[in-house]
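These notes are about the structure you will find just below.
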Amino acid sequence: MKPSQALNRPLIYHIGDNTDTYEEDEVTRRLGFRIGNLGLLIAQRAVSELSDIPQICSLPFTASWLLGLINLRGNLVPVFDLFNLLQFQIDKKKNQKLLILDQGESAGGIIIHQLPEHLSFSVNDSLSSLPPLPDIIQPYTTSGYEKNNQLWFNFEHIAFFKSLATKLKM
């Protein structure tokens, strides 16, 4: 099975596995990843892929949060360091992976330090209002959930990647 297939396969939810039981249409299943303490949810129909970090070709005179480009099956994919962009501290020696969101010309890579998680949310987990988030990412986190005292936000990665491209042109 390809990594993208594994990351996007549906989760099997067994009634009775948890003390909470929900009707099937009340449960939202998502794949999420963390950047520091910020939990971001990948869009439900988005293609995603997880891999070891390949050789990244750096681009001179660009922002420090743009690590460079990789060649992914013939497509040049930008790789972003969101820890740097959001000014989060992280131990760089931790096990890093590359999370690629989308495919083709819309693809973008993000360095992550923890494996993505399969999550299930009920209607009761929805946040009525969002807490303050870093200005650069706030417009792309439209709604969220709280589960086990952790916050997770719906992440509009395509619009976010486009906004980063605009910042590079300045």
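Give me Rg/Rg_expected for region 87-170, where Rg uses Cα atoms only and Rg_expected = 2.2 N^0.38 Å with N residues.
Details: Rg = 14.7 Å, N = 84, 2.2 N^0.38 = 11.8 Å.
Ratio of Cα Rg to 2.2 N^0.38 Å: 1.24.
Give me D for region 28-170 in µm² s⁻¹, whole number, from Stokes-Einstein with Rh from the Kirkwood sum over alpha-carbon pairs, 10 °C and 1.306 mPa s. Numbers along the way, then the final one.
Working: Rh = 15.8 Å.
Rounded, D is 101 µm²/s.
For E117 and S143 in one chain, what is 0.36 nm times their gap in residues minus the Cα-Cα distance, to one decimal in nm?
Working: separation 26, 0.36 × 26 = 9.36 nm, distance 1.82 nm.
Value of the extension gain: 7.5 nm.
Can you work out ³J(HN,Hα) from phi for every residue in region 95-104, in order, using Karplus 6.51 cos²θ - 1.76 cosθ + 1.60 and θ = phi - 60°, giving whole Hz and x for Gly and Pro?
The phi angles translate into 4, 9, 10, 10, 9, 9, 10, 6, 8, x Hz.
FYI, it's all coordinate maths here, none of it is from the lab. Just so it is clear, the structure is predicted and the values come from calculations on it, not from any experiment.
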